[in-house]
Amino acid sequence: MTQITLHNSRTRRKEALAPIDPADVRMYVCGPTVYDRAHLGNARPVVVFDVLFRLLRHVYGAGHVTYVRNLTDVDDKINARARALQEGGDGRDLNAIIRTLTDETIGFYHADMKELGALRPTHEPRATDYIPQMVAMIEGLVAKGHAYAAEGHVLFAVDSWRAGYGKLSGRAVEDMVAGARVEVAPYKRNPMDFVLWKPSGPDEPGWDSPWGRGRPGWHIECSAMSHALLGESFDIHGGGIDLMFPHHENEIAQSCCAHPEGDFARVWLHNEMVQVDGKKMSKSLGNFFTVRDLLDQGWPGEVIRFVMLQTHYRKPMDWTEAEAERARKTLEGWYRLTEGVPAASLPSPQVIGALAEDLNTPAALAALHDLATPETAEALKASVAFLGLGCAETSDWYPRPRVSLETSGHYGVRAPGTLPEDLVNALGSTAARFLDLYADAKAKKDFTRVDALKARLKSLGVETAISRRDGKPCVELTAHRALSEGEAVQLRHEAEGEALK
RNA sequence: GGCGAGUUGGCGGAGUGGUUACGCAGCGGAUUGCAAAUCCGUGUACAGGAGUUCGAAUCUCCUACUCGCCUCCA
């Protein structure tokens, strides 16, 4: 069995993964707060941990991995956004707006992440479906002396767990208190104490609790939901490195104090940030663009995924159009090579080996380059698919409708399932006419008419490529987009053409 | 101020003590009406300094620079 090695942020070392139960490898990854479309930075952990999910399924079996990624649908940012919508003229009450906003955002999230080739996790719990579990966990923490109620809030007392608090992020409570730049609420016993539960105003989302009507603090949902779905000990916890403190530190404090019999998460993985011009992409800096922005600009989702995989997850990643263009060309080359070739039953051992070594995706892509030969196209195809990139037959951007025609009369249509029959016929006839013109032009050494036809086809969105097969000319016409009614008529006109002199 | 990560050729990016990474771009060539695609060949690197070692991109120390967290964040 392949041995997976991962860099555990908790120990700052690479460690061999030894699942608690190989028949049920359990992973939790922090998901989005759903109030806005996912930007590229939000997408990185989705892609990174999707690769890990695929690797775990490969090694331990598809039915032996449980992957949980939460949807945080209760949060002050959501409330703020909903209020803004209200002030902008939405007459409904706040809770109704919030429900619509979160539902819609979850829909966007799923659609956008699907474009990136990410599999759906095993479970995607919504925080609002786990309020009772959160309340129960908080009650337990209060009972054990790890939390206290104050002015309608419940706070975690970091002084009750000084032995463990700060271990993950390598911080001392004293240092953080000394360096704090934020005003401290007067009811906190220690400035580092954080909110487990807070009171809600009458119009805000709220649930009844022993401390009055309120809502959970930021960190508790991950502790409650990971416990509910994965138990008090599980294998892997992932998220962006900016979550290491305070979010993950606080999760650990809550979970370990509520369930001291368990280990909580054994291996912690943190992906580095996406950068723009050398600076972290973030909403507060305003230098972000969404996945949807890139898709709308015409970048296929798998090109975005490829660019992400080109950078190791523990290094900052830059999005540049130059890199995206290279990725697109590389994928095109691989698709050309694998089109119509059956995929091998298993991905290449080199690819698996690279991924098993702390998710070395750049090395995995390098292994793919090595496989990019006609002799190894079957392995290439299986490996490309394993990484969550498309393959020629299923990718919706590469095998654009196109036909090829040789002078021998051999006639080939690619992607027939997606190509309307009349367009096939029009392209085929045009290809035949092109070959006639071409043969005539070669004989006369005058390519004027051929070039004119190429130009007209290009204006219809149809690219012309001439190659040779067995020494004979072969023309390939590729429609880069769906043709409008008018363009289709013009194409048929080209097919009929004027008579050759 | 505290803590942490990083600095590899024109660009991207592997590589943790000793043999070409790889890709893109460039250059030369084959093929080619043009173009595309394909094929062959090819140069350039380890931030700076000191140390350990027979030998360092790889280990140690120092310096410089970049970035992140400490406030919502993926």
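What is the percent carbon and sulfur in the accessible area of chain A, measuring with a 1.4 Å probe over the protein chains and ignoring ligands? Let's see the in-between values first.
Working: 11360 of 22200 Å².
With neighbouring chains kept in place, the figure for chain A is 51 percent.
Among A:82-93, A:240-251, how do they line up by average Cβ neighbours within 10 Å per residue, starting with the highest? Before the final figure, lay out the partial values.
Working: A:82-93: 12.8, A:240-251: 19.9.
Most protected by this proxy first, the peptides run A:240-251, A:82-93.
What is the Cα convex hull volume of chain A when expressed per residue in Å³?
Details: hull volume 89.1 nm³, N = 501.
Per residue, the Cα convex hull of chain A comes to 178 Å³.
How big is the Rg/Rh ratio for the range A:143-272, C-alpha atoms only, Rh by Kirkwood, two decimals? All intermediate terms of the calculation are to be shown ahead of the outcome.
Working: Rg = 14.9 Å, Rh = 15.5 Å.
Ratio of gyration radius to Kirkwood radius for the range A:143-272: 0.96.
Could you report the range A:1-115's accessible area per residue, 1.4 Å probe, as an integer in Å²?
Numbers: 4630 Å² over 115 residues.
On a per-residue basis, the range A:1-115 sits at 40 Å².
Using helices alone, what [θ] at 222 nm do you get for chain A, with -39,500 (n - 2.57) per DSSP H run of 4 or more residues, divided over all residues and rounded to the nearest 500? Don't jump to the answer; show the numbers that get you there.
Working: 16 runs with 206 residues, N = 501.
Roughly -13000 deg cm²/dmol at 222 nm, from the helical runs in chain A.
For the range A:452-465, take each phi angle, set θ = phi - 60°, evaluate the Karplus expression 6.51 cos²θ - 1.76 cosθ + 1.60, and give the result in whole Hz per residue in order, putting x for glycine and proline.
5, 5, 4, 5, 5, 4, 4, 5, 8, x, 10, 8, 10, 10
How large is the Kirkwood hydrodynamic radius of the range A:10-155, in angstrom, based on all distinct alpha carbon pairs? Mind dumping the intermediate values first?
Numbers: mean 1/r = 0.0558 Å⁻¹.
When all Cα pairs of the range A:10-155 are included, the Kirkwood radius is 17.9 Å.
Would you be so kind as to identify which of A:LEU371, A:VAL274, A:GLN350 lies farthest towards the positive end of the dipole of the range A:261-401, taking Lys and Arg as +1 and Asp and Glu as -1 on Cβ and the Cα centre as origin?
A:VAL274
Treating cross-link reach as a plain straight distance, find the aspartates and glutamates whose alpha-carbon is under 20 Å from the alpha-carbon of A:LYS144, omitting any fewer than eight places away in the same chain.
A:ASP159, A:ASP193, A:GLU221, A:GLU232, A:GLU249, A:GLU251, A:GLU261, A:ASP263
Arrange the peptides A:431-437, A:37-43 so that the one whose residues have, on average, the most other Cβ atoms within 10 Å appears first. All intermediate terms of the calculation are to be shown ahead of the outcome.
Working: A:431-437: 19.6, A:37-43: 22.6.
The densest-packed peptide leads the list: A:37-43, A:431-437.
For the range A:205-341, list log₁₀ I(q)/I(0) at each q in 0.19 Å⁻¹, using the Debye formula over Cα point scatterers of equal strength and ignoring solvent, two decimals each.
-1.10
List the equivalent ellipsoid semi-axes of the range A:67-118 in whole Å, largest first, each obtained as the square root of 5λ for an eigenvalue λ of the Cα gyration tensor. Could the numbers behind the result be given before it?
Working: eigenvalues 126, 29, 13 Å².
Those come to 25, 12, 8 Å.
So for the pair A:SER459, A:GLU261, with labels modelled 7 Å out along Cα→Cβ, what separation do we get in nm?
7.8
Per 0.36 nm of contour for each residue apart, how much would the distance between A:LYS144 and A:ALA322 grow if the chain were fully extended, relative to their Cα-Cα spacing? Walk me through the numbers on the way to the answer.
Details: separation 178, 0.36 × 178 = 64.08 nm, distance 5.59 nm.
That pair, A:LYS144 and A:ALA322, stretches by 58.5 nm at full extension.
With labels modelled as points extended 7 Å from the Cα through the Cβ direction, what inter-label distance (nm, one decimal) is found for A:ARG83 paired with A:GLU421?
According to this spin-label approximation, the distance is 6.1 nm.
Over the range A:323-395, with the other protein chains present, what is the accessible area per residue in square angstrom, probe 1.4 angstrom? Don't skip to the end; give the middle numbers.
Values: 3000 Å² over 73 residues.
Per residue, the range A:323-395 has an accessible area of 41 Å².
Would you grab the residues whose amide H sits under 5 Å from the one on A:ASP318? Only those 5+ places off in sequence or on another chain, please, with H modelled 1.01 Å from N.
A:GLN275
Quick one: which of A:123-136, A:158-171 comes out on top by average Cβ neighbours within 10 Å, and what's the full order, highest first? Mind showing how you got there, number by number?
Working: A:123-136: 18.9, A:158-171: 17.0.
So the peptides A:123-136, A:158-171, ranked by packing, come out A:123-136, A:158-171.
So what are the radius of gyration and Dmax for the Cα set of the range A:323-395, in Å?
11.3, 33
Under a no-solvent Debye model with one identical scatterer per Cα of the range A:1-75, what's log10 I(q)/I(0) at q = 0.21, 0.26 Å⁻¹?
-1.02, -1.26
Pull up all non-local amide H partners of A:SER348: gap of 5 or more, or a different chain, and H-to-H distance under 5 Å with H placed in the peptide plane.
When sequence neighbours closer than 5 places are left aside, the close amide H contacts are A:SER383.
Taking R0 as 30 Å, what FRET efficiency do you get between A:GLU232 and A:GLU332 from their Cβ-Cβ distance, rounded to the nearest 0.05?
Working: r = 48 Å, r/R0 = 1.61.
After rounding to 0.05, the efficiency reads 0.05.
Roughly how tilted is helix A:321-338, in degrees to the nearest 10 and between 0 and 90, from the longest Cα axis of chain A?
Once rounded, one gets 60 degrees.
Using the Cβ atoms and a cut-off under 15 Å, what net charge is assigned to the surroundings of A:ARG92, where Lys and Arg are +1 and Asp and Glu are -1?
On the way: positive: A:ARG81, A:ARG83, A:ARG99; negative: A:GLU87, A:ASP90, A:ASP93, A:ASP103, A:GLU104, A:ASP203, A:GLU204.
Charge balance near A:ARG92 sits at -4.
If r is the Cβ-Cβ distance from A:MET1 to A:THR373 and R0 is 22 Å, what FRET efficiency results, to the nearest 0.05?
On the way: r = 29 Å, r/R0 = 1.32.
About 0.15, to the nearest 0.05.
I need the calculated FRET efficiency for the pair A:LYS444 and A:GLN310, taking r as the beta carbon distance and R₀ as 56 Å, to the nearest 0.05.
About 0.70, to the nearest 0.05.
What's the magnitude of the charge dipole for chain A around its Cα centre, counting Lys and Arg as +1 and Asp and Glu as -1 at the beta-carbon? Answer in Debye, nearest 20. Walk me through the numbers on the way to the answer.
Numbers: 58 positive and 68 negative charges, 217 e Å.
That gives a dipole near 1040 debye.
The values are calculated or read from the model by the stated rules, or taken from the named source; none is laboratory data. Everything numeric here is computed off the predicted structure, so don't read it as measured data. Every residue, glycine as well, gets a Cβ built from its backbone with ideal geometry; the counts of neighbours run over all protein chains shown. Accessible surface is based on the protein model in full, side chains and every heavy atom, while ligands, DNA and RNA are left aside. Shrake-Rupley method; radii C 1.70, N 1.55, O 1.52, S 1.80 Å.
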